[in-house]
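The values are calculated or read from the model by the stated rules, or taken from the named source; none is laboratory data. Predicted model only: the values in this text are computed from it and were never measured. FYI the Cβ positions are ideal-geometry reconstructions off the backbone, even for glycines, and counts take in every protein chain you see. Accessible surface areas use protein heavy atoms only, side chains included; no ligands, DNA or RNA. Shrake-Rupley method; radii C 1.70, N 1.55, O 1.52, S 1.80 Å.
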Amino acid sequence: MLTSHLASAAFLLGASLSTALPATTSAGQCSPVSFKLSATAQNTVFASPPNPNNETQILNFITQGLSTGVPTAGTQTVSGNFTINAIYCKPSPGTVSRDAVQILVHGILYNKTVWSGLGFGDQYNWHAFANDRGYHTLAIDRLGHGTNPQIPDPLNVVQGWLHVEIIHKLIQAVRTNAANNALDRGFGKVIYVGHSYGSQIAPWLARNYPSDADALILTGYSNSPNVATIASLQYRPAVRVKPQQFPGYPLGYVTQSNATQHTLNFYTGTYDPAIPLADLRFPDTVTDGEASALGGQLAFNATGYTGPVFIATGVNDVFFCKTPVAACEAILAATGRDVFPTAGGFGYFAPEQTGHDLSLHYSAPLSLCKVHEFLEGFF
Ligand SMILES: *[C@@H]1O[C@H](CO)[C@@H](O)[C@H](O)[C@H]1NC(C)=O
Ligand SMILES: *[C@@H]1O[C@H](CO)[C@@H](O)[C@H](O)[C@H]1NC(C)=O
Ligand SMILES: *[C@@H]1O[C@H](CO)[C@@H](O)[C@H](O)[C@H]1NC(C)=O
Ligand SMILES: *[C@@H]1O[C@H](CO)[C@@H](O)[C@H](O)[C@H]1NC(C)=O
Ligand SMILES: *[C@@H]1O[C@H](CO)[C@@H](O)[C@H](O)[C@H]1NC(C)=O
């Protein structure tokens, strides 16, 4: 496996940052799009499912899922026609367009809007940076999140297995000009970009469908999750924490109930303190079905995947890395080696002063630069 080790970037931070990086002011052209996708998955059946109307049981189940994992009792087939909403951005007319689309898959408590920087400017805008370099970008709402019209059963339907099957169908659609391709064209190259849970499901996709993604960019991720920290999240049913934002949602859709804890978990190092405040005003959710697998079942190796892989995770990411820089880099290197043993190229970057929400810290432009430098070698 080719390993391109990217050095710590601390020397670039600070005053020299603005001169070291090209300006990202000419954002691409963005519009909302919607896909209709038919998908079938073998979802997990739980041995002791919580009563869907009992908050205590749901929260206990989630804590157990996030830490030790929950006992399972086989699988069941789940299928349906799903509507997946997304934001599609293309390079502005003055930019040389590539035949490549980046599919951006958000983590838990977020939705497709996180990739636009939550309104804090282009320095946090993944679309704008990628569009300026000729990539098209498509930020999707995973099933059950964002503006998707369906609010399926959180435990039995909204699980990682089904997310993977839906994303597989989405990739098939955008590779061609099929009737269910909501973009105005097909793409020769598809780059999967994940954050956190969006990254954790990528090895499942790459193992089951090794030719779906031509490259994987995984942010806020490693294969050494700090499960005790993940389990310390203070979740409560979204309908009880934010009844106006989540009217009538089943109790299994939960969200962060404590702003202090949210900031401690998702932001560390240097960042604009206004961002976590704005972020938690309108959080998205995680379901008990998604949380159930975080403690163990996501430990999956993508043997057989031969495309390039790049991992970008903050040194101060309390869920997935460790200080100092060398310790975090060792984790990321081991993740590449173990999870993607047949990758056709591997690189990683561990930005300093950066917590879990990689693209919402001051280091965001530098991380975006490292990611696109890596891609440049392949596209
Ligand atoms: C909810 O579940 C808990 C734990 O199993 C139980 O003690 C409690 O009585 C249940 N509450 C209701 C309203 O059923
Ligand atoms: C999806 O919709 C089509 C057309 O209405 C229908 O034939 C098909 O059975 C549906 N698929 C699933 C999995 O529900
Ligand atoms: C919120 O989380 C912080 C940090 O863990 C904790 O100190 C505080 O007691 C929590 N507040 C509530 C109301 O639980
Ligand atoms: C999606 O995320 C944005 C930004 O955090 C938020 O304003 C919006 O309410 C979220 N949507 C849902 C349905 O949670
Ligand atoms: C993934 O690969 C590593 C290294 O070979 C191995 O230690 C680990 O057990 C594997 N994990 C799974 C879930 O197969």
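Given the options Y271, Y253, Y249, name the one that is buried (at least 21 other Cβ atoms within 10 Å of the Cβ), among the aromatic types (F, W, Y), more than 16 Å from N111 (Cβ to Cβ) and within 16 Å of ligand 4 (Cβ to nearest atom).
Values: Y253 fails: more than 16 Å from N111 (Cβ to Cβ); Y249 fails: more than 16 Å from N111 (Cβ to Cβ).
After ruling out the rest, the residue left standing is Y271.
Among (1) modelled with pLDDT of 95 or more; (2) under 22 Å from S363 (Cβ atoms), where does L264 come up short?
(1)
With open to solvent by 60 Å² or more (accessible area, probe 1.4 Å), modelled with pLDDT under 95, away from ligand 3 (no atom under 16 Å from the Cβ) and part of a helix (DSSP H, G or I) as the only criterion, which of T63, T19 stands out? Please lay out each step first, then the result.
Values: T63 fails: away from ligand 3 (no atom under 16 Å from the Cβ).
T19 is the lone residue from the list that is open to solvent by 60 Å² or more (accessible area, probe 1.4 Å), modelled with pLDDT under 95, away from ligand 3 (no atom under 16 Å from the Cβ) and part of a helix (DSSP H, G or I).
Return yes when N81 is among the polar types (S, T, N, Q), out of contact with any helix residue (DSSP H, G or I) (no Cβ under 7 Å at 6 or more places or on another chain) and assigned to a loop (DSSP other than H, G, I, E, B) and no when it is not.
Values: among the polar types (S, T, N, Q): yes; out of contact with any helix residue (DSSP H, G or I) (no Cβ under 7 Å at 6 or more places or on another chain): yes; assigned to a loop (DSSP other than H, G, I, E, B): no.
So N81 fails the test.
Go through (1) more than 23 Å from V164 (Cβ to Cβ); (2) within 16 Å of ligand 3 (Cβ to nearest atom); (3) not β-branched (V, I, T) for G119 and report which single condition fails.
Checking G119 against (1) more than 23 Å from V164 (Cβ to Cβ); (2) within 16 Å of ligand 3 (Cβ to nearest atom); (3) not β-branched (V, I, T), the one that fails is (2).
Does at least one position in segment 202-217 carry a residue that is part of a loop (DSSP other than H, G, I, E, B) and open to solvent by less than 20 Å² (accessible area, probe 1.4 Å)? Walk me through how you get there before you give the answer.
Filtering segment 202-217 down to residues part of a loop (DSSP other than H, G, I, E, B) leaves 209-214.
Subset that is open to solvent by less than 20 Å² (accessible area, probe 1.4 Å): 212-213.
Yes, some residue in segment 202-217 is part of a loop (DSSP other than H, G, I, E, B) and open to solvent by less than 20 Å² (accessible area, probe 1.4 Å).
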